[in-house]
Amino acid sequence: MLRTFAKARGMTAGVSQAGGQPRVWLWSTLFVLGVGVSALGRILGLIAPPTSTILFLLAMTLMIPLVKAARRRDELRGATSRALTRYNRRMLAAAGVYTLNMLLAGNLHDRIAAGSAAMWLLALVPIAPVLAMLWAMWRYLAEENDEYLRHRAIMAALFGLGVVLTLGTVWGFLEMFGLVPHVWNWWVFPAWAFGLALARCVTMRQQ
């Protein structure tokens with residue numbers, strides 16, 4: 001039923017997208033490559049700071065045209081709502097603050113005494129925007145009245161969870177046998193967000 005409804009949405013757009021189709025896959029591909037290269041390069045020691053930090057920051061800025069292209073494509077296909085618009089704004093704002101806070105914490109932690117109150121405070125700085133993004137997701141599911149859009153969001157979130165479980169399990173076993181280096185656990189949320197964004201792009205592609 002939901003699949004039939006999704007196809008009907010695409011037909012109700014009634015707009016020819018030739019020559020003006022939002023380039024969601026272009027921006028998403030550039031975003032994935034940027035984040036992947038900067039993260040793996042840093043983890044494997046192939047790219048040293050500040051180059052890895054600059055690449056990561058540039059990759060995160062690609063979220064702006066990516067979100068705009070995805071929103072435009074949803075509008076053309078009639079698959080949007082006010083709740084979804086508010087959700088995109090909240091997530092984009094929180095992601096921007098998260099990126100800045102991560103860079104701030106990463107550059108200051110060597111200048112603060114280990115175990116001090118200031119270090120505890122610095123460690124909590126990147127957590128606030130992460131909690132804000134989780135709240136944005138919860139709020140969207142509570143506000144969204146469209147059955148299809150809510151279903152799409154839930155499936156994307158579950159796909160992101162699958163990405164985290166897969167990467168965590170595979171990397172955990174490889175690390176246990178000394179084949180790959182140790183990775184800090186804060187990677188969990190970016191990996192989930194990456195899977196969430198990828199699932200949304202695939203869903204829009206199939207409509």
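Each value in this text was obtained by applying a stated rule to the coordinates, not by laboratory testing. All values derive from a computational prediction rather than experimental measurement. FYI the Cβ positions are ideal-geometry reconstructions off the backbone, even for glycines, and counts take in every protein chain you see.
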Between helix 24-43 and the chain: long-axis angle, C-alpha atoms, 0 to 90°, nearest 10: 10
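Can you tell me the dipole magnitude for the range 23-206 around its Cα centre, using point charges on the Cβ only (Lys, Arg +1; Asp, Glu -1), in Debye to the nearest 20?
Around 640 debye, computed over the range 23-206.
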Centre separation in Å (Cα based) which lies between the range 151-207 and the range 67-106: 19
Under 5 Å, built H, 5+ apart or other chain: amide partners of Val180: Glu175
Calculated from backbone phi, Karplus (6.51, -1.76, 1.60) coupling profile of the range 71-76 in Hz, x at Gly/Pro: 5, 5, 5, 4, 5, 5
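What Kirkwood hydrodynamic radius do you get for the chain when you take the inverse of the mean 1/r over all pairs of distinct Cα atoms, in Å? Please list the in-between numbers first.
On the way: mean 1/r = 0.0533 Å⁻¹.
It is 18.7 Å.
Between Thr85 and Glu175, what length in nm is gained on full extension when 0.36 nm per residue of separation is reduced by their alpha carbon distance? Walk me through the numbers on the way to the answer.
Numbers: separation 90, 0.36 × 90 = 32.40 nm, distance 4.06 nm.
Full extension of this stretch gives 28.3 nm more.
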Residue order, fewest to most beta carbons within 10 Å, for Thr53, Thr61: Thr61, Thr53
HN-Hα J in Hz across the range 113-126 - Karplus 6.51, -1.76, 1.60, θ = phi - 60°, x for Gly and Pro: 4, 4, x, 6, 4, 5, 5, 4, 5, 5, 5, 7, 4, x
Exposure proxy ranking, count of Cβ atoms within 10 Å, fewest first, for Arg23, Arg200: Arg23, Arg200
Contact order relative to length of the range 64-207, as percent, for alpha carbon pairs under 8 angstrom and 6 or more apart: 25
